[in-house]
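Nothing in this text is a laboratory measurement; each read-out follows from the coordinates by a stated rule. If you're wondering where the values come from, they're calculated on a predicted model, not measured in any experiment. We place every Cβ from the backbone using ideal geometry, glycine too, and count neighbours over all the protein chains shown.
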Amino acid sequence: MALPAEGDALFPAPPSLARGAHVPSLAAYRERYRRSLEEPQEFWGDIAKEFYWRTQPSGSFLKYNFDVTKGPIFIEWMKGATTNICYNLLDRNVNEKKLGDKIAFYWEGNEPGDSTVISYSELLHQVCQFANVLRAQGVKKGDRVSIYMPMIVELVVAMLACARIGALHSIVFAGFSAESLCERILDSNCSLLITADAFYRGDKLINLKQIADEALQKCRDKDAPLRTCIVVKHLGREALVSGGRCGKSPPLKRLCQDVPTPWDAGVDRWWHELVKDASKECEPEWCDAEDELFVLYTSGSTGKPKGVVHTVGGYMIFTAATFKYVFDHHPEDVYWCTADIGWITGHSYLTYGPLANGATSVLFEGLPIYPDVSRMWSIVDKYQVTKFYTAPTAIRLLMKFGDEPVKKHSRKSLKVLGTVGEPINPEAWLWYYRVVGEERCPIVDTFWQTETGGHVLTPLPAATPMKPGSATFPFFGVVPAILDECGEELEGEAEGYLVFKQPWPGIMRTVYGNHERFETTYFKKFPGYYVTGDGCKRDKDGYYWITGRIDDMLNVSGHLLSTAEVESALVGHASVAEAAVVSHPHPVKGECLYCFVTLRDGHEFTKALRDELRNQVREKIGPIATPDYIQHAPGLPKTRSGKIMRRILRQIAKNDRELGDTSTVADPAVISQLFQQRCEAAE
Ligand code: WT7
């Protein structure tokens, strides 16, 4: 790795942070990086030693095959060792580290003024009680439990209770539709669903139980009945306890409302009734390091979501180590990750990584601009947040409102800022750095994926000189390479496919129920490498820059969607014959959906139809996939063999007539027609 050349536009790591930092300099990073590659067993073994193992890791620490031409792909870290991740996150911190009274989470509700705290020992008790409930409901090691919940403490309790008894949680983001939830329940054959009555997102009431019921009905229609649905009384919580949360002022008062919750006495159980008499002690299930910990669905380019599977031991040590080093975590920190637990960021860096380090975190139920655009910074001040982790889309959104809403709060507590989810444009990076962090806080631009389990390319805050928009260098144990179209590794300054040459402990192990899809998606294109699907550039100083997806995926507000998934939702409508969806630049979301639809004979393209199509996509996938543009396309540009030429559609969407080579378009007349009928504005 080349040293940054002198005089380069680098933002040095702030010297004040180096004192007491886990990795205080670039030289220290390099030394440790070298060791992680030369002595992986010792390097990861030292990290593993900080945890409790029922049976110590021994024998071969890592076994793997990354080469499809040599046999099945597999990755095994510390196989044969046994442990329990929940025990390590809670019991070990409470009993061994004496952190029982330390705050695990400051819960901040959607409404300012609605908040609670939960300590490590209280969290342990609640997790044990709920783990006992799950066992009493017949949930066993290896079973899958679907979780569809808002950002409340019970969500963390539910996931850790699963981990405690060796059941796999499959968390579905509460913004996904009934259809998406049903599809995910069926794919991994979940036997139990955990949800909540309802919650507010900003001033919008979401009756979650009702959506969950629709999903369960769809499951029944497909002959896959799920036995039990456990429901947290969240909005109606006030009816259960006296005083506190409800409040007299109008916004808090509405939290008292007991939303009518649809109920099926044969299936539904109230969480509070089940835990009432459950014991606060619960023997953990001792699991092999390679036992499955959870499934989390991510979009796949075929349109069918993939159940990404992570395992106990490797995921534990990797999320713990990345959290410690990337946020330079110290015991007195207050850490806040704004991601929803329904995404991998919330799994790795709101739950597993922070709790493994005995950290104190903020768990925020609400939205960045509700009730006003300075909510984030008022929370930073309220809890004296030191480390703050968010997404470029949130930064761009807040940037729109100028500096004043930020500056009216102190933010003096902040030390490190982080970003994740998509490439951050230098303009947003600089605003985050100058306005939010007052040029005092380094920004860790962390590149990773649901599949990687944790950070793979990232700066370390006290060590790495930053370049706005670059995820900089690999984390310990991670070996990136850039390949050309033929699969040749490119040296020095280069641009091409980003791949990884060897496994790190947190890499996914399989696609749930479909190992072949795992092999095809990530290992087939370039045998011997894990293929990320991202394009990447390495500059003369060895810095890595992610250039975006190179497959049919698009990144809306930091979350991947596949164009195929949206197309199939559109074609599901009776009047649509064919649909093609492309990614289109969006000032806040990064990318958005621009859809071209061809209608069946006899159907007319009206505003009403456009609304129906938009709703259809929301219903099938969820609000995150709501198309910004839907254009009528009497014909689509295709090759002679019938392949839709998306690169041309992307140019049409942008009204850019630089079309490149159009000699292979079967019917060039459709192109000018589509240009004429472009949608000028999003609706
Ligand atoms: C894709 C993974 C990992 C948690 C959030 C998204 C893009 C992610 C960065 C970054 C540039 C980034 C990539 C990646 N991405 N972080 N720092 N710079 N691009 O998880 O939904 O699995 O998406 O997000 O395209 O492949 P995900």
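Assorted remarks:
- Between region 252-325 and region 23-72, the alpha-carbon center distance in angstrom: 28 Å
- In terms of its C-alpha gyration tensor, region 587-633 has a prolate overall shape, because the principal axis ratio a/c (a ≥ b ≥ c, square roots of the eigenvalues) is not below 1.5 and a/b outweighs b/c.
- Coupling constants for region 272-285 follow from the phi torsions by the Karplus curve (6.51 cos²θ - 1.76 cosθ + 1.60, θ = phi - 60°), and in residue order they are 5, 6, 6, 7, 2, 9, 7, 5, 8, 10, 7, 5, x, 8 Hz; glycine and proline get x.
- Over all Cα atoms in the chain, the spread is summed up by Rg and Dmax: 24.8, 73 Å.
- Residues whose amide H lies under 5 Å from that of Val308, counting only those 5 or more places away or on a different chain, are Leu296, Tyr297, Thr298, Tyr512; hydrogens are built 1.01 Å from N in the peptide plane.
- Spacing of the modelled spin labels on Ala577 and His330, each 7 Å from Cα toward Cβ, amounts to 6.7 nm.
- At an R0 of 30 angstrom, the distance between the Cβ atoms of Ser60 and Gln137 translates into a FRET efficiency of 0.20.
- Positive-end residue of Gly20, Ser641, Cys287, charge dipole of the chain with Cβ unit charges: Gly20
- Region 463-560: C-alpha gyration tensor shape, a/c 1.5 cut-off, then a/b vs b/c: prolate
- Trypsin sites (Lys or Arg not before Pro) restricted to DSSP loop in region 563-672 with at most 16 other C-beta within 10 Å: Arg600, Arg640, Lys643, Arg657
- Three-way shape call for region 90-132 based on the alpha-carbon gyration tensor, with the a/c threshold at 1.5: oblate
- Think of each Lys and Arg Cβ as +1 and each Asp and Glu Cβ as -1; about the Cα centre, that makes the dipole of the chain roughly 740 debye.
- Taking amide H atoms as placed 1.01 Å from N in the peptide plane, the amide H of Phe105 lies under 5 Å from those of Ile118, Ser361, each 5 or more residues away in sequence or on another chain.
- Distant-in-sequence amide H partners of Phe364 (H built 1.01 Å from N, under 5 Å): Glu108
- Computed extension length for Glu438-Arg600: 52.7 nm, one decimal, from 0.36 nm per residue of separation with the Cα-Cα distance subtracted.
- Pairwise centroid distance, computed over Cα atoms, of region 88-123 with region 384-455, Å: 25 Å
- Per-residue Cβ neighbour counts within 10 Å put His586, His272 in the sequence His272, His586, beginning with the fewest.
- Calculated from backbone phi, Karplus (6.51, -1.76, 1.60) coupling profile of region 322-329 in Hz, x at Gly/Pro: 5, 4, 4, 7, 6, 9, 6, 6
- Sites matching trypsin sites (Lys or Arg not before Pro) across region 334-439 that sit in DSSP coil, with at most 14 neighbouring C-beta atoms within 10 Å: Lys400, Lys408, Lys412
- Placing unit charges on the Cβ atoms of the charged side chains and taking the dipole of the chain about its Cα centre, the candidate lying farthest along the positive direction among Ile482, Ala131, His310 is Ala131.
- Fewest neighbouring Cβ atoms within 10 Å first, the residues Val582, Val665 line up as Val665, Val582.
- Links that overshoot a 19 Å alpha carbon limit, given the list Lys222/Lys620; Lys400/Lys589; Lys415/Lys540; Lys467/Lys537: Lys415/Lys540
- Phi-based couplings in Hz for region 108-113 (Karplus 6.51, -1.76, 1.60; Gly and Pro marked x): 10, x, 4, 8, x, x
- Neighbourhood net charge (11 Å Cβ-Cβ; Lys/Arg +1, Asp/Glu -1) for Asp667: +2
- Every Cα-Cα pair in region 575-672 was counted, and those over 21 Å apart are 36% of them.
- Listed residue (Ile73, Phe176, Pro354) projecting farthest to the positive dipole end of the chain, Cβ model: Pro354
- For the pair region 362-379 / region 503-544, the C-alpha centres are spaced 35 Å from each other.
- Of all DSSP-defined beta bridges confined to region 558-683, some 75% are antiparallel rather than parallel.
- Loop-located chymotrypsin sites (Phe, Trp or Tyr not before Pro) in region 308-374 (DSSP state other than H, G, I, E, B) with a sparse environment of at most 13 neighbouring Cβ atoms within 10 Å are absent.
- Residues His559, His409, His310, sorted so that the one with the fewest Cβ neighbours within 10 Å comes first: His409, His559, His310
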